[in-house]
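The values are calculated or read from the model by the stated rules, or taken from the named source; none is laboratory data. All values reported here derive from a predicted model rather than from experimental measurement. Counting neighbours? That spans all protein chains shown, and the Cβs are built from the backbone with ideal geometry, glycine included. Surface accessibility is based on the protein's heavy atoms, side chains included, excluding ligands, DNA and RNA. Shrake-Rupley method; radii C 1.70, N 1.55, O 1.52, S 1.80 Å.
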Amino acid sequence: KDMFVLQEPSVSLTRALKKMQNLEAQSYTPLALALDKVLRMIKVESIKAKDNIPVIIICSDMGANISARYPDMEAKTVADFAIITEELRVLSKKIGQKKIKTIIMNPKKAYASRYLCIYPQAANEIIDDMKKYAGAEVFEFEIKNPSDTIIRLKRML
């Protein structure tokens, strides 16, 4: 499975949110790999444009199940999820040390599907670490209502 960049660094929230509307949820979540890539992209962008202030916007239920260290391992056991949670804790601390504003957009789901395909304890721990170490703000959003999401994001920024 491939990981791809949905939105290159940009000042346009509208463009990114429109792209998100066409995405389908998957149970493949390499969040540590994605955040590592984001940090590398921010480093490159900061060289090009020193005045820009980076913001990381994560659109996820934080149900990470793919390890950065062991990308062929799809998490199934508590020990697997502990590896992934620790990888994300380290990245949360890096983000916090760099003082990069971070927002987690958690998609609203029906109660019946809220924890479908994720390990809730690990997801909650990852969210707590992102709040604690990276100062992340978290809000639930409705993908079908991008204008409301844009207004809420602009208020947070």
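In table form, for the structure just shown:
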| read-out | value |
| --- | --- |
| Cβ-placed point charges (K, R +1; D, E -1), dipole of the chain about Cα centre in debye, nearest 20 | 640 debye |
| Stokes-Einstein D for the chain, Kirkwood Rh over Cα pairs, 25 °C, 0.890 mPa s (µm²/s) | 152 µm²/s |
| Calculated FRET efficiency for the pair MET73/LYS50, C-beta based, R₀ 30 Å, to 0.05 | 0.20 |
| Charge dipole (the chain, unit charges on Cβ, about Cα centre) - positive-most of LEU13, ILE104, THR77 | LEU13 |
| Residue pairs, from the table LYS94/LYS154; LYS19/LYS76; LYS99/LYS132; LYS43/LYS93; LYS50/LYS101, whose Cα atoms sit over 20 Å apart | LYS94/LYS154; LYS19/LYS76 |
| Å² per residue, accessible surface of the chain at 1.4 Å | 63 Å² |
| Gain in span if fully extended, GLU86 to LYS98, counting 0.36 nm per residue against the direct Cα distance | 2.5 nm |
| Apportionment of accessible area to carbon and sulfur, the chain, percent (1.4 Å) | 53 percent |
| Label-point gap, in nm, between TYR28 and GLU140 - each point 7 angstrom along Cα→Cβ | 2.8 nm |
| Nearby aspartates and glutamates by direct alpha-carbon distance to LYS18 (threshold 20 angstrom, same-chain neighbours under 8 apart not counted) | GLU8, ASP61, GLU140, GLU142, ASP148 |
| Sites MET3 and ILE151, calculated FRET efficiency, Cβ-Cβ separation with R0 25 Å, nearest 0.05 | 0.25 |
